[in-house]
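Contents: one structure, followed by commentary.
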Amino acid sequence: MHATVERSSSLARLKGLLTLMRPRQWVKNGFVFAPLLFTGSFLHGDAIRQVLMAALLFCVASSATYIVNDLHDIERDRRHPKKSRTRPLASGLVTPAQALVLLAILYAVLIGAWLVAPAVIVVIAGYMVLNLAYTFLLKHQPVLDIFTIAIGFVLRVYAGAMALSVPVSSWMFVTTLCLALYLAAVKRRQELAGSGSEGREVLRHYTPALIDRYAEMAATGALLFYSLFVISARPEMVVTIPLVLFGLFRYWFVVESLGGGESPTDALLSDWQLLVTVALWVGVSAWAIWPA
């Protein structure tokens, strides 16, 4: 009986440590693969391996930043009606000491990766420094908090480009930034609608109308710059523009009518139409770029 209890406790602790790393959020690291697709390098095994490694390292780095954030916010999370139950540290499922051990392991992996992918690690180091600034300062600064989240997505694209040793085009940079600003603005909108200013201190500075304008401006910019990029640089991908437009419309529907959007990852994974749209966009883009 005692051994069964111990085994159950160990499994619960392991599950808590895994939850602490937030593997569901690793979907965001799909942005690392953007340069692989747009450069047409997805037919080369070595390029796929390089970008896959960069994406895995970004998963390690993002998990490390989540742990730092949860350690910093543990007392606030314990007072939150939802996070006090879902966050392993706030709920007591994982102790701060255990979280620190896991964090040290993740940092060790990234330090070791310097030997095999130094250019990617430089970008990841910038991402981690940015997120440390976000955890301790920037997430309390209106507008800067949204831009900090968005820049994290841009750095993911840069990591993919560094893995392939190719430059990031201006079009890809500005399109990714606008799309990420849209997702970040919608996230703040839903947080404000769901828990008001109690959830985050910075939400006291926002109103739903203001965030809606931010989201609309960013979505318009993302569609405009993506369309200009396709028409000027990749005309064979013009058939993907309706898919992008539908994706933006559908995501806003999920946010407005179904109450999603506080977590872009959850909104994507919970809506089959969004999943199909993303899969179609990847497939059609690959088909359009495929060498003759």
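Within segment 252-278, the set of residues being modelled with pLDDT of 80 or more and in contact with a Leu (Cβ under 9 Å, 6 or more places away or on another chain) comprises Val254, Ala267, Leu268, Leu269, Ser270, Asp271, Leu274, Leu275, Thr277, Val278.
Pairs linking a residue in segment 198-226 that is free of Cβ contacts under 8 Å to residues at least 12 places away in the same chain to a residue that is of a type outside the set (Lys, Arg) and surrounded by fewer than 16 Cβ atoms within 10 Å (Cβ to Cβ), with Cβ atoms under 8 Å and 6 or more positions apart or on different chains, are Arg204/Ser197. A single member of Leu52, Leu20, Leu36, Leu57 is modelled with pLDDT of 95 or more and in contact with a helix residue (DSSP H, G or I) (Cβ under 6 Å, 6 or more places away or on another chain), and it is Leu57. Those helices (runs of 4 or more DSSP H) of segment 80-159 in which at least 2 residues are surrounded by fewer than 19 Cβ atoms within 10 Å (Cβ to Cβ), considering only elements entirely within it, cover 83-86, 96-113, 118-136.
In summary, Val238 fulfils each of the numbered conditions (1) among the β-branched types (Val, Ile, Thr); (2) in contact with a Leu (Cβ under 7 Å, 6 or more places away or on another chain); (3) without any contact (Cβ under 8 Å) to a residue 12 or more places away in the chain with the single exception of condition (2). Where helices (runs of 4 or more DSSP H) fall entirely within segment 10-78, those with at least 2 residues that are touching a residue at least 12 places away in the same chain (Cβ under 8 Å), closer than 29 Å to Thr240 by Cβ and over 16 Å from the mean Cα position of the chain (by Cα) are at 34-38, 45-72.
In this entry, Ile211 is excluded by the filter for residues that are modelled with pLDDT of 90 or more, of a type in the set (Val, Ile, Thr), surrounded by 22 or more Cβ atoms within 10 Å (Cβ to Cβ) and under 30 Å from Ile231 (Cβ atoms).
Here is a yes/no grid of residues against (1) surrounded by 14 or more Cβ atoms within 10 Å (Cβ to Cβ); (2) of a type outside the set (Gly, Ala, Ser); (3) outside any helix (DSSP H, G or I):
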residue	(1), (2), (3)
Gln190	yes, yes, no
Val202	yes, yes, no
Ala219	yes, no, no
Leu228	no, yes, no
Thr240	yes, yes, no
Phe246	yes, yes, no
Arg250	yes, yes, no
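Scanning segment 114-133 for residues that are in contact (Cβ under 8 Å) with a residue 60 or more places away in the chain and within 22 Å of the chain's Cα centre (by Cα) gives Ala117, Val120, Ile121, Ile124, Tyr127, Met128, Asn131, Leu132. Take the conditions (1) within 30 Å of Gly45 (Cβ to Cβ); (2) surrounded by 15 or more Cβ atoms within 10 Å (Cβ to Cβ); (3) free of Cβ contacts under 8 Å to residues at least 24 places away in the same chain; Pro167 misses just one of them, which is (2).
Before we move on, is Met162 surrounded by fewer than 22 Cβ atoms within 10 Å (Cβ to Cβ) and outside any loop (DSSP other than H, G, I, E, B)? Break it down stepwise before answering.
Values: surrounded by fewer than 22 Cβ atoms within 10 Å (Cβ to Cβ): no; outside any loop (DSSP other than H, G, I, E, B): yes.
No.
No other residue among Ile74, Ile111 is more than 30 Å from Leu210 (Cα to Cα) and of a type outside the set (Gly, Ala, Ser) apart from Ile111.
The values are calculated or read from the model by the stated rules, or taken from the named source; none is laboratory data. Here the structure is a predicted model, which is why all the values come from computation and not from measurement. Because the Cβ atoms are built from the backbone with ideal geometry, glycine has one as well, and the counts that use them run over all protein chains shown.
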